[in-house]
Amino acid sequence: MHKLVVLLFLICSSFVMYAQVPTTEIDSAGVDNDSLSKKRYLKQLGNGYFPTKFLNIDLRYLVKFNQYEGLRSGLGGVTNDAFSEKYRINSYVVYGFKDHRFKYRIGGGFRVSESTNTWVNLSYTDDLTETGSYTFMTDKRFFSFFEPRLLNIDLFHKHITKAVSVEHEITKHLLSETEFAISKVSPTYNYAFNVDDKAFRSWDISTAKMSLQWSPFDKFEVNDLGVSEATSGYPKFTLQLTQSFKDVAKGDFNFFKADFRTIHKFQYNDEVFTEATVTGGIATGKTPLAHLYHAYPNNINKETILQRFSVAGINSFETMYFNEFFSDRFAILQLKHFVKPFKFTDSYQPQLVLISRHAIGNMHDIERHQNISFGTLSKGYSEAGFELNKLLLGFGLSFAYRYGSYHLPVFEDNIALKFTFNISLE
C-alpha cells in the first residue's frame, strides 16, 4: 500500500508541475527573462530541471522508492550560467527512510574550452547502485517523473567513489567523456566473490573509463543561444570501455569491460515509425557481480498476475523476474513499432505500440559468485507484447508474453500485465 501512495504522489506531482508552468517567457539560465519561450521552459522541466535564477533544481532527487531504502527523498541541483559560465557545482543529498542513511554527492567542474565544450569535473559520491546495471557516460540526460523499475529493486551495492572526468566535444556529432575513479564497494545483500581462495565481501576498484557517442546524422542550427540540435538523426552509436586495475590505488581486481549500443528509427511518416535498439556488453577478467550485467528485468517475484501488476518500464523486459539472470557477456535486441494514433478527438488519441524483445548471454566462472543463485541467458530469452498508451490522463496498459527456451511451466507465470504512463510537457 505504501508503494501505491508513493506512486500516486509522484504522478500528482507531475501534473502540479505542469499546471504551474508560467504563461510568460522565462529564462532558465537567469540572464534575460524574455529570451526563452514557454516551450523552452517546458523542455527544461521535461529534462528534469526546475530552473531558478542561479540553480537548476534536479527533480530526480525529490521523491523515489525502492525495496531497500523505502522512501528516498532529497534535494539536488546544478548551477547555471547566471551563477558562472566557467564553473559549476553539481551536488545532491538524499535520505532513505527504511535504511536510515543519508546519501550524497559533492561535485563540480570548470570549463577549459568553450569552442569544444570541454569540462573537467570532480566528484565525491556516497550512494547506492543497482547490481548489474550499466550506463553510458555520454548519454543525454534521461528523466521520468517516476521510474517504475525502482519500485521493486532490492539488489544494491553501496559505494564511495572519488572521480575526475573530462567531457569533450570532438565534433558536434562525436561526444566523448573519460573518467578515472576509485571506489570502495560493499553489497547490501549476502554475497561473496571468491578469487584465489579468498572470499571478498567488499572490495576496492580503480577504473579508467572512456565513452564515445557518435550521432552522424544529427542536424544543428545557430540561434541566439549558440549552436543547438535542430533534428535528431539516426542511427546513433555509443561505445564505452572500462579497465579496472589491480594494485593501483588499492584496487583488488583486474577486469575489462566493453559496452556498445546502437539506436535506429525507421520513420514511415510523421506518426508511424519503428525503433530498433541493439545493446551488448562483455566483461573479462575477475569481475564481481556488482559490475556485471542484467538485462533490465521488470517483473516482481510474486505468485499471481495481479500481485505482479505494476508499471511497465521504457526498455525493460516485463516478463523477466528481478535477479533471475546475470551475464558477463550479453546482447539485446528491442523492436518497438508505433502504430498511427487512434484520433477520437484532438485531445484524445491513444496509440498502439507493438513490442518484441530478445536477449542472449552467458557467464564464465559462475561458481565465483557465492551465496546467490541466478541463471544465464545462454539459450536466448524472448518476449513479445504491446502497449496501448494514453488511454486516460497519460495512463495506458501493457501486455507481454514470455516464450521460447525460458518459457515457464505455469502458463500465467509467462504473462505480464501492467500500467504504462506517458506524459509530455511539450
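The values are calculated or read from the model by the stated rules, or taken from the named source; none is laboratory data. Note that this is a predicted model, so its numbers are computed, not measured. Cβ coordinates were reconstructed from backbone atoms using ideal geometry, including for glycine residues, and neighbour counts include every protein chain displayed.
Side notes on the structure shown:
- Flag if Leu292 is surrounded by 15 or more Cβ atoms within 10 Å (Cβ to Cβ) and of a type in the set (A, V, I, L, M): yes
- Among (1) under 20 Å from Phe273 (Cα atoms); (2) of a type in the set (Gly, Ala, Ser); (3) buried (at least 20 other Cβ atoms within 10 Å of the Cβ), the one test that Ala416 misses: (1)
- The range 292-316 - residue that is assigned to a loop (DSSP other than H, G, I, E, B) and among the aromatic types (Phe, Trp, Tyr) and, of those, modelled with the lowest pLDDT: Phe309
- Residue in the range 327-344 that is closer than 21 Å to Asn152 by Cα and crowded, with 19+ Cβ neighbours inside 10 Å present: yes
- In the range 238-253, of all residues being farther than 19 Å from Ala163 by Cβ and crowded, with 16+ Cβ neighbours inside 10 Å, the one that is nearest to the chain's Cα centre (by Cα) corresponds to Thr238.
- Criterion violated by Ser244 - all others in (1) at pLDDT 95 or above; (2) over 25 Å from Thr131 (Cα atoms); (3) of a type in the set (Ser, Thr, Tyr) satisfied: (2)
- Scanning the range 389-418 for residues that are of a type in the set (Phe, Trp, Tyr) and either part of a strand (DSSP E or B) or under 30 Å from Lys340 (Cβ atoms) (or both) returns Phe395, Phe399, Tyr401, Tyr403.
- Considering Asn190, Asn121, the condition of being of a type outside the set (A, V, I, L, M), in contact (Cβ under 8 Å) with a residue 40 or more places away in the chain, part of a strand (DSSP E or B) and farther than 30 Å from Gly394 by Cβ is satisfied by Asn121 alone.
- Filter pass, Ile360 being under 18 Å from the mean Cα position of the chain (by Cα) and part of a strand (DSSP E or B): no
- Any hit, the range 138-160, residues being surrounded by fewer than 16 Cβ atoms within 10 Å (Cβ to Cβ), of a type in the set (Phe, Trp, Tyr) and either modelled with pLDDT of 95 or more or in contact with a Ser or Thr (Cβ under 6 Å, 6 or more places away or on another chain) (or both): no
- Only residues that are aliphatic (A, V, I, L, M) and under 18 Å from the mean Cα position of the chain (by Cα) were counted in the range 53-92, giving 3.
- Subset of the range 256-305 that is free of Cβ contacts under 8 Å to residues at least 12 places away in the same chain and closer than 23 Å to Phe325 by Cα - its residue that is farthest from the chain's Cα centre (by Cα): Glu303
- Phe344 satisfies every condition listed in (1) hydrophobic (A, V, I, L, M, F, W, C); (2) touching a residue at least 12 places away in the same chain (Cβ under 8 Å); (3) over 22 Å from Ile300 (Cβ atoms) except (2).
- Residue count for the range 251-284, restricted to those that are within 30 Å of Ile366 (Cα to Cα) and not in a strand (DSSP E or B): 4
- Ile366 being hydrophobic (A, V, I, L, M, F, W, C), touching a strand residue (DSSP E or B) at 6+ places or on another chain (Cβ under 6 Å) and under 30 Å from Asn190 (Cβ atoms): no
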